[in-house]
């Protein structure tokens, strides 16, 4: 599964590309925090069995936030009146980073509990898309793979090694990057992000 560093790296790309003229250090940090937020359910997993990849990785939270933001935008526009276009842009980009960088990366890798707590089932959307001279267009993305419930599924982390009590004296690994692709993505993302922060401070 992608580490929190990788989630933040994708959040950095989204911040640099989508914040546009509203980009500054404060706005960027808010977007990065939104991208990292779902991984906090790693700690919730100590108290809620199977809570990791469920409690904050579901799509219900961003759906509710999106409805609130849209209602505010179409109604009294409190965010716009208080923080102007800056606040509105930061709010929407943060929500997008929450969904794409925070939840989406895990959904396409090992799976998340998409509708938790309404429907307790982990799903993974991974597959392939190809064109074959014998079979035409072949895709497997539209066939989500069910992976179990919070009672039968556990994603081990450095904080929580196993379902139930952790084994004694086991190594605790906190991954930063797990492949050359992730290293390249992280280096590129943080390089672009750092340049945009430097550039925004010059202006």
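What the table below lists for this structure:
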| read-out | value |
| --- | --- |
| Qualifying residue in region 166-181 (condition: closer than 30 Å to residue 22 by Cβ, touching a residue at least 12 places away in the same chain (Cβ under 8 Å) and in a loop (DSSP other than H, G, I, E, B)) | yes |
| Test: residue in region 17-31 that is assigned to a loop (DSSP other than H, G, I, E, B), at pLDDT 90 or above, surrounded by fewer than 19 Cβ atoms within 10 Å (Cβ to Cβ) and over 16 Å from the mean Cα position of the chain (by Cα) | yes |
| Test for residue 118: is it surrounded by fewer than 12 Cβ atoms within 10 Å (Cβ to Cβ) and either at pLDDT 90 or above or within 18 Å of residue 49 (Cβ to Cβ) (or both) | yes |
| Filtered residues of region 98-113 (kept if modelled with pLDDT of 90 or more, within 12 Å of the chain's Cα centre (by Cα) and not in a helix (DSSP H, G or I)) | 112 |
| Top-ranked residue in region 184-203 [being modelled with pLDDT under 85 and assigned to a helix (DSSP H, G or I); ranked as farthest from the chain's Cα centre (by Cα)] | 202 |
| Meets criteria (surrounded by fewer than 18 Cβ atoms within 10 Å (Cβ to Cβ) and either assigned to a loop (DSSP other than H, G, I, E, B) or at pLDDT 95 or above (or both)) for residue 47 | yes |
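Residues are listed down the side, and each one gets a yes or a no for (1) surrounded by fewer than 20 Cβ atoms within 10 Å (Cβ to Cβ); (2) touching a strand residue (DSSP E or B) at 6+ places or on another chain (Cβ under 8 Å); (3) farther than 27 Å from residue 52 by Cβ:
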{"position": "70", "(1), (2), (3)": "yes, no, yes"}
{"position": "80", "(1), (2), (3)": "yes, no, yes"}
{"position": "88", "(1), (2), (3)": "yes, no, yes"}
{"position": "94", "(1), (2), (3)": "no, no, no"}
{"position": "101", "(1), (2), (3)": "no, no, no"}
{"position": "109", "(1), (2), (3)": "yes, yes, no"}
{"position": "138", "(1), (2), (3)": "yes, yes, yes"}
{"position": "150", "(1), (2), (3)": "no, no, no"}
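The values are calculated or read from the model by the stated rules, or taken from the named source; none is laboratory data. Nothing here was measured: the structure is a model prediction, and the numbers come from that model. Glycine gets a Cβ as well: all are built from the backbone with ideal geometry, and neighbour counts include every protein chain shown.
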